[in-house]
Amino acid sequence: MNPEPSPASGSDDYLSRLNDAQRQAVTHGTGVPAGGADSYPLLVIAGAGSGKTNTLAHRVAHLIASGADPRRILLLTFSRRASVEMTRRVERICKTVLGDKAGSLADALAWAGTFHSIGARMLREYAQQIGMDPAFSIHDREDSADLMNLIRHDLGFSKTEKRFPGKGTCLAIYSRVVNSGAPLADVLLKHYPWCAGWEVQLKQLFAGYVTAKQEQGVLDYDDLLLCWAQMVSDPVLAADIGSKWDHVLVDEYQDTNRLQADILLCMKPDGRGLTVVGDDAQSIL
């Protein structure tokens with residue numbers, strides 16, 4: 001498949017629907033060869049209701065219309081629903097720009113999904129290189145909480161005189177530690193002060209939880225990011241993985257945690273081809 005080198009004549013009408021700031025974000029770096037493959041990083045900060053997601057969808061479509069290979073575009077969102085909606089928007093815009101030729105190009109946008117889903121694909125693809133069984137299972141949050149509770153019970157923490165944190169709270173604390181990279185003591189003090197007295201027991205619980213996952217050959221959602229981040233911390237693997245995509249675009253960047261930010265920086269250390277869109281006033285972290 002050979003992507004179109006440039007939008008069809010008169011097909012830039014779709015850009016007229018955008019305001020000046022949106023149009024500048026959409027077309028940033030797309031005037032260089034290879035559809036903007038060498039474009040400098042782009043950070044878009046805008047408030048709620050300003051059309052951030054629509055702007056990102058237009059940028060993806062504009063990149064494709066300008067000659068970028070959709071197979072070399074990575075689009076990261078924070079929910080499956082957002083990923084599906086974003087892909088549909090891109091397809092609609094591409095159809096406006098490229099007409100009948102849009103279908104095959106938009107369909108080739110195969111690297112669109114959540115950080116966790118893309119992380120799972122990367123880990124299975126590189127499993128043998130990092131000493132992992134590619135047939136690993138993935139626990140959802142409920143499965144993870146149940147396993148945490150089993151270890152909690154085995155350690156006798158469910159029968160303490162003073163009530164030990166429940167399985168959901170324990171998993172939430174563990175997840176925040178993993179994703180933030182902060183020491184457990186700091187996480188407890190800042191986010192779970194009522195659990196601070198259980199720091200020693202929680203360390204023991206988390207160690208048992210990690211061991212149980214390893215023995216069962218399962219990963220939880222946090223592992224998908226943690227293992228991906230550990231994988232790209234190797235410069236050789238990071239360069240190989242980063243070279244898969246000319247463009248990496250991230251929606252809702254304000255909600256990116258430390259692991260996700262590390263992954264992006266390791267894959268694209270110079271920022272070329274990286275676009276992130278977000279609203280710092282809506283940050284959940």
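Every number here is computed from the coordinates shown, using simple stated rules; none is lab data. Worth saying up front: this structure is predicted, and the values here are computed from it rather than measured. Cβ sites come from the backbone with ideal geometry, for glycine too, and all protein chains shown count toward neighbours.
One decimal place: the segment M132-S117 gains 3.7 nm when fully extended, by the rule 0.36 nm per residue minus the C-alpha distance. For Y40 and A261, a Förster radius of 22 Å and the Cβ-Cβ distance give a FRET efficiency of 0.75, rounded to the nearest 0.05. If you take the alpha carbon atoms of the stretch 78-193 and fit the smallest convex hull around them, that volume is 165 Å³ per residue. Toward the positive end of the charge dipole of the stretch 143-285, with +1 on the Cβ of Lys and Arg and -1 on the Cβ of Asp and Glu, the farthest Cα among W198, L225, Y209 is that of W198.
Based on the Cβ-Cβ distance of D186 and A207, what FRET efficiency does E = 1/(1 + (r/R0)^6) give at R0 = 22 Å, to the nearest 0.05? E between D186 and A207, to the nearest 0.05, is 0.75.
When the chain is fully extended, how far beyond the present Cα-Cα distance does T160 get from V84, taking 0.36 nm per residue of separation?
22.7 nm
A protection proxy built from the mean count of other Cβ atoms within 10 Å ranks the segments 62-75, 130-143, most packed first, as 62-75, 130-143. The chain gives an Rg/Rh value of 1.05, both radii derived from C-alpha positions and Rh following Kirkwood.
Sorting the segments 257-263, 82-88, 153-159 by their mean number of nearby beta carbons within 10 angstrom, highest to lowest, gives 257-263, 82-88, 153-159.
Principal axis extents of the Cα atoms in the stretch 66-145, from largest to smallest and rounded to whole angstrom, are 46, 29, 15.
Helix-only arithmetic for the chain: the sum of -39500 (n - 2.57) across DSSP H runs with n ≥ 4, divided by the residue total, places the mean residue ellipticity at 222 nm at -15500 deg cm²/dmol. Classify the stretch 155-228: rounded, prolate or oblate, from the alpha-carbon gyration tensor (a ≥ b ≥ c, eigenvalue square roots; a/c under 1.5 rounded; otherwise prolate if a/b is larger than b/c)? Taking the square roots of the gyration eigenvalues as a ≥ b ≥ c, the stretch 155-228 is oblate. Working from label points 7 Å from Cα in the Cα-to-Cβ sense, the Q230 to Q24 distance is 4.4 nm. For the options W194, W228, W245, a Gaussian network treatment of the chain with springs between C-alpha atoms closer than 10 Å singles out W194 as fluctuating the most.
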